[in-house]
Each structure stands twice: as C-alpha cells, then as structure tokens.
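Asker: My questions will all concern the structure given below.
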There are 2 protein chains.
Amino acid sequence: MSKIQVAIAEDQAMVLGALAALLETEPDIAVCARATNGRAALAALGRHKPHVLVTDIEMPEMTGLTLAAEARERCPEVRVIILTTFARPGYLRRALDAGAKGYLLKDRPSAELADAVRRVHRGQRVIDPELAAEAWASEPDPLTERERQILWRAGEGRSTGDIAAELCLSEGTVRNYLSEAISKLGAANRIEAARLARAKGWL
Amino acid sequence: MSKIQVAIAEDQAMVLGALAALLETEPDIAVCARATNGRAALAALGRHKPHVLVTDIEMPEMTGLTLAAEARERCPEVRVIILTTFARPGYLRRALDAGAKGYLLKDRPSAELADAVRRVHRGQRVIDPELAAEAWASEPDPLTERERQILWRAGEGRSTGDIAAELCLSEGTVRNYLSEAISKLGAANRIEAARLARAKGWL
DNA sequence: GAGCCCGGGTGACAGATGTCATCCGCCTGT
DNA sequence: ACAGGCGGATGACATCTGTCACCCGGGCTC
C-alpha cells in the first residue's frame, strides 16, 4: 500500500512542524513537502507532486486562497485543503471558488485532519459543517474592489489624503467610497466598517 | 529513565493536538494533559502535576499570562513556557513578571520546542533571543491606565461620545487623553495609535 | 500654609471625516 | 442613436477629531 503524499503550507514554523508530526503518526500518510509561504509551497507542488496540499490562508508572499487557485491551474491533480483559524464565510466562498476541496478550522479536534486528508484524497469534499451553513445563509460580499482597497487602507490608520494620493484619486472620491462602504456595512465610521469587513472575511 | 511530563494549553484544538504529537515523537517527553483554555489548564495542573506547562497566551477564560501567574501561586514546582505568535516586548515582560521560565515564538522551527522543554525542565531559562534583545532596548509602556482604556475602545471604532458615556467622562476629556496617547506613540490619528499600541503589546 | 503635581474639565479653533446632490465621460445593450 | 450604468469628481455642509491653553479641586510634601 502506498502512502498518501501530503504537502503542508503554514507560515508559523512551529505549527508547521507540529502538523507534520501529527500527520506522520498516521500509518497511511506521509508528509513529502513543507513550506512556510505560498510561493515556496507552489514550487514544492511542482517538484513533489503530492496527492494533497494542506494550507493555511494568511501567509506571506502568497495567500492560501491564491495558492489554491494557482495550484488548480498548474497541478490540477493536487487536491487542496484549506486549514485556517478563520471561520469567515467570505473566505470559504473564495476558497471554493479557487477550487479547494476541503475547508477545515484550526479549532476542530486534531483527529479530523488525517480524516479530511483521506476523504479528500478519495475525491470527496470536506467542509466544516457549521461554517457551511453559515456561509449559505450569509449575504455575499457587498463591497466593490475600490471600496475594499480604500477601506483596507483606512483600517490601517491612513488618512483620506494619503489614500487618495496612493490610489491616484481625488480626496473627495475617497470620502465618497468610504461613505458608501460605511453605509453598506451599517457602521458608524471607517474604523468600525473596517473591523466588520475584516470579521466577515471581505477585506 | 522517567519521561518529562508536559501539559499543553492552546485554544486551537488542531494546533493543540499537533503540538502534542510533536512532543510525543521525543523519546524522553510525555504529554500528560491538554487543555483548550486557561481555566481547564489550571485545573489540570493540580491533577497531573506535570514538570512543564507549555501555554499559548491568547485563550478564552484565562490568558496564558494570568495562567502563568496563577500556576506560580498554586503549583510553584511547575515550570511554565509561553508559546505564542506574538513577538511583543510587552507580553514578554509580563510573562517574566508572571514567573514564566520560557518564552518561545510559534514561528521558530518546531525542533526548538522539545529543546526548550528539556532546558526549562533542567532549570534553565529559555527566551527567544531576538525578542529578548528587542524587549531590553524597547521603552516600557508609556500609556496610563486611562489612555489604555480609551485607546482600546477607540480602536474598536467607538466614537469619542460613546467612550465618554461608557467611562463617565466628558467628551473633551476623552479627546484630551486620546490626543496625549497619539502624541506619545508618535501616531497621526487614533487608528494608527491603536495599531501601534497593539503591536507593542501595550493594549 | 504655600507650592505643586495629578486627574479631570472647559472652550476655542483648525483640520479631517461623513453625507448629499449633482455632474461628467465612457461603455454597453438595444 | 440613445438611455442607462458605472467610475470618478465637485462643492457645500454638518459633524467629529486633534490640539492647545487654561481652570479647578484634592492630595502630597516641604
């Protein structure tokens, strides 16, 4: 019996090593590659051709979501499982759009990981059930690309003028977009709007 | 040879399980207790009397820092290692004040964990070297308690008026504190100030 | 008791933010 | 050819923020 070959991408080295140790305790699973950022993971996919890729979302260089999308392009036979802290409907939706086969939360019991790897390897989908329900019920991202760009920067503490300069827009326009975003999100000001958007995974 | 008994506290069950798997691969270490929140961890210390406690900082019920302090009170023979994402001088300082013997970052290679456990068990201290240097160089928290309260709320997106009402202060006073905090932190506005303070672990 | 620091408050002012109505090009579908 | 939409801009206005100078009352200490 040949083992299921798994690649892992996770930016916190300690967690990466720990996840690898966890999977290595399974007799039918082998970890063939590890990466601490998205770009490295993508390179590793080409070299090792694993059956399954387990990846975090928030990573330097390349996010797990874009990694999933790239992987589908270049190595369509690799099945991707997103493993993340964030129970954000927006992330799940984007993950599925990017062709991910699994979406698992880091606060699930550790036994579920190996299970998910096996299931996905068999061709099944594995989606965190609570999150799936929530995502179905929840409204889709109401923000336009511009609003996202601007709200993001506003959330970092940059001023209207700064943002306008950076995006080559007029100051008034930036305020308009911000105003629009604030009202779409039902917030009282840019700060709260940014927080809400982040919490939903829209940012 | 009897193994080093380790307890682990970490709120993300998946990571908890993975860390346990990682430590279990070491022949001289055994994981005798696991907890996904601070209170449960404290209870486990009483029951299992481990040699070493490895704990995250940000957890529900009780933070790893207060857990460390409580542990020193009730089970002074247990050596505590803080294992966290956050390279914040403020956290390190508070951890050491609380009697922690180790402070390790989650983005260090996973091999360092077992190493740290052994060292701390032998009675040594293990502090992330870069962080230690930074903490020594870095100025101590410049914020007063009031400023902290107010800046925290401002960072959540609450308005000056809101905050004043909540803390039973006048609106002008809140603005004064905020202004003071902003200038202490060298920020351009309350949002940036809150971000900076958070990054330093002062908030 | 005089002087002084500290938490808190006031008032005034400039500048940043949030809201609206309106306008202008530029596509796009019919 | 024309009506819409859409991204972007403008101007005006009200409100919120950030800053500053100064005031008050209670504890200190000398």
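The values are calculated or read from the model by the stated rules, or taken from the named source; none is laboratory data. All figures in this text were calculated on a predicted structure; none of them were measured in a lab. Neighbour counts are summed over all protein chains in view; Cβ atoms, including those assigned to glycine, are modelled from backbone coordinates with ideal geometry. In case anyone asks, the SASA skips ligands and DNA or RNA and just uses the protein heavy atoms, side chains included. Shrake-Rupley method; radii C 1.70, N 1.55, O 1.52, S 1.80 Å.
Asker: Mind listing whichever residues of the range A:104-131 are in contact with a helix residue (DSSP H, G or I) (Cβ under 7 Å, 6 or more places away or on another chain) and of a type in the set (D, E, K, R)?
Answerer: Answer for the range A:104-131, where residues must be in contact with a helix residue (DSSP H, G or I) (Cβ under 7 Å, 6 or more places away or on another chain) and of a type in the set (D, E, K, R): A:106, A:107, A:108.
Asker: Looking at the structure I just gave you, is residue B:39 farther than 22 Å from residue B:5 by Cα, more than 14 Å from chain A (Cβ to nearest Cβ) and not hydroxyl-bearing (Ser, Thr, Tyr)?
Answerer: No: the conditions fail for residue B:39.
Residues are listed down the side, and each one gets a yes or a no for (1) charged (D, E, K, R); (2) under 19 Å from the mean Cα position of the chain (by Cα); (3) in the same structural domain as residue A:95 (by TED's automatic domain parsing); (4) more than 16 Å from DNA strand C (Cβ to nearest atom):
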site	(1), (2), (3), (4)
A:117	no, yes, yes, yes
A:154	no, no, no, no
A:166	yes, no, no, no
A:169	no, no, no, no
A:185	no, no, no, no
A:189	no, no, no, no
A:193	no, no, no, no
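Asker: Out of the range B:114-173, which residues are hydroxyl-bearing (Ser, Thr, Tyr) and under 30 Å from residue B:29 (Cβ atoms)?
Answerer: Those that are hydroxyl-bearing (Ser, Thr, Tyr) and under 30 Å from residue B:29 (Cβ atoms): none in the range B:114-173.
Asker: Which one of the conditions (1) farther than 23 Å from residue A:86 by Cβ; (2) out of contact with any strand residue (DSSP E or B) (no Cβ under 6 Å at 6 or more places or on another chain); (3) open to solvent by less than 10 Å² (accessible area, probe 1.4 Å) does residue B:104 fail to meet, given that it meets all the rest?
Answerer: So residue B:104 meets the others, but not (2).
Asker: Here is a check on your reading of the model: is residue B:201 open to solvent by less than 10 Å² (accessible area, probe 1.4 Å) and more than 12 Å from chain A (Cβ to nearest Cβ)?
Answerer: So residue B:201 fits the description; yes.
Asker: Enumerate the pairs (first residue in the range A:143-161 and within 11 Å of chain B (Cβ to nearest Cβ); second residue anywhere and more than 12 Å from DNA strand C (Cβ to nearest atom)) with beta-carbon separation below 6 Å, excluding pairs fewer than 6 apart on the same chain, so at least 6 apart or on different chains.
Answerer: Partner pairs satisfying both residue conditions: A:157/B:195.
Asker: What's the number of the only condition in (1) within 12 Å of DNA strand D (Cβ to nearest atom); (2) crowded, with 16+ Cβ neighbours inside 10 Å; (3) assigned to a loop (DSSP other than H, G, I, E, B) that residue A:141 fails to meet?
Answerer: Condition (1) is where residue A:141 drops out.
Asker: Now, a different point. Being within 14 Å of chain B (Cβ to nearest Cβ) and crowded, with 19+ Cβ neighbours inside 10 Å is the filter; apply it to the range A:115-125 and report the residue that is farthest from residue A:20 (Cα to Cα).
Answerer: If we take residues in the range A:115-125 being within 14 Å of chain B (Cβ to nearest Cβ) and crowded, with 19+ Cβ neighbours inside 10 Å, then A:116 is farthest from residue A:20 (Cα to Cα).
Asker: Residue under question is residue B:133, and the condition is that it be of a type in the set (A, V, I, L, M, F, W, C) and open to solvent by 70 Å² or more (accessible area, probe 1.4 Å); does it hold?
Answerer: No: the conditions fail for residue B:133.
Asker: Of all residues in the range A:71-85, count the ones that are surrounded by 18 or more Cβ atoms within 10 Å (Cβ to Cβ) and within 13 Å of the chain's Cα centre (by Cα).
Answerer: Here the count works out to 5.
Asker: Oh, and also: Report, ordered by the first and then the second residue, all pairs with beta carbons closer than 9 Å, sequence separation of six or more or different chains, a first member in the range B:187-203 that is at positive phi, and a second member that is more than 8 Å from DNA strand D (Cβ to nearest atom) and in a helix (DSSP H, G or I).
Answerer: B:201/B:89; B:201/B:90; B:201/B:91; B:201/B:92; B:201/B:93; B:201/B:94
Asker: Further question: Please enumerate the residues belonging to the range A:151-191 that are within 9 Å of DNA strand D (Cβ to nearest atom), open to solvent by less than 40 Å² (accessible area, probe 1.4 Å) and hydrophobic (A, V, I, L, M, F, W, C).
Answerer: Residues satisfying the conditions are A:164, A:167, A:174, A:191.
Asker: Answer yes or no: is there a residue in the range B:134-152 that is away from DNA strand C (no atom under 12 Å from the Cβ) and at pLDDT 90 or above.
Answerer: Yes, the range B:134-152 contains a residue that is away from DNA strand C (no atom under 12 Å from the Cβ) and at pLDDT 90 or above.
Asker: A follow-up question, please. Restricting to the range A:58-106, give me the number of residues that are within 14 Å of chain B (Cβ to nearest Cβ) and either within 16 Å of residue A:199 (Cβ to Cβ) or in a strand (DSSP E or B) (or both).
Answerer: Final tally of qualifying residues: 12.
Asker: List pairs: first in the range B:86-104 and over 11 Å from residue B:134 (Cα atoms), second outside any loop (DSSP other than H, G, I, E, B) and of a type in the set (Asp, Glu), Cβ under 8 Å, 6+ apart or cross-chain?
Answerer: B:104/B:112
Asker: I'd like to verify a number: residues in the range B:45-57 that are open to solvent by 10 Å² or more (accessible area, probe 1.4 Å) and outside any loop (DSSP other than H, G, I, E, B), how many?
Answerer: 3
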